[in-house]
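Below is one structure, written out as structure tokens; the observations come after it.
The values are calculated or read from the model by the stated rules, or taken from the named source; none is laboratory data. Note that this is a predicted model, so its numbers are computed, not measured. Glycine gets a Cβ as well: all are built from the backbone with ideal geometry, and neighbour counts include every protein chain shown.
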Amino acid sequence: MNTYSIGIDIGGTNTDIGLVRDDGRVMAKKNLPTNKYYDADIYVADICEQIKLLMQENGIEAIDGVGIA
């Protein structure tokens, strides 16, 4: 049975969010345009929403961790 984590790459233009399997395989990705956000609370809420969507769309009930770069 595989375990999963979330990887978040915050760039100046885009924020990439990936669902990553324990063997390093990226199972699915979402993207947000970083430069459209001027409110950190809204930005973080949108990241959380994208994570929930990734998990729901891939039938994942739990993740082991989150890495942010």
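Taken over the range 1-59, the residue count meeting the criterion of being closer than 15 Å to ALA69 by Cα and in contact with a helix residue (DSSP H, G or I) (Cβ under 9 Å, 6 or more places away or on another chain) is 14. It is to be established whether one or more residues within the range 52-62 are surrounded by 14 or more Cβ atoms within 10 Å (Cβ to Cβ) and not in a helix (DSSP H, G or I). Yes, that holds for at least one residue. Scanning the range 5-27 for residues that are within 15 Å of ILE47 (Cα to Cα) and in a strand (DSSP E or B) yields SER5, ILE6, GLY7, ILE8, ASP9, ILE10, THR15, ASP16, ILE17, GLY18, LEU19. If a residue has to be surrounded by 12 or more Cβ atoms within 10 Å (Cβ to Cβ) and either touching a His at 6+ places or on another chain (Cβ under 8 Å) or among the polar types (S, T, N, Q) (or both) to count, how many in the range 1-14 make the cut? Total satisfying the criteria: 3. Examine the range 15-37 for a residue that is in contact with a Lys or Arg (Cβ under 7 Å, 6 or more places away or on another chain), loosely packed, with under 15 Cβ neighbours inside 10 Å and at pLDDT 95 or above, and state whether such a residue exists. Within the range 15-37 (the criterion being in contact with a Lys or Arg (Cβ under 7 Å, 6 or more places away or on another chain), loosely packed, with under 15 Cβ neighbours inside 10 Å and at pLDDT 95 or above), the answer is yes, since at least one residue qualifies. As a summary of the residue check, ASN2 satisfies the conditions (1) touching a Lys or Arg at 6+ places or on another chain (Cβ under 8 Å); (2) assigned to a loop (DSSP other than H, G, I, E, B); (3) modelled with pLDDT of 95 or more except for the one numbered (3).
For ASP41, are the conditions met, namely being surrounded by 14 or more Cβ atoms within 10 Å (Cβ to Cβ), among the acidic types (Asp, Glu) and out of contact with any Ser or Thr (no Cβ under 8 Å at 6 or more places or on another chain)? Here the answer is no, as ASP41 does not meet what is asked.
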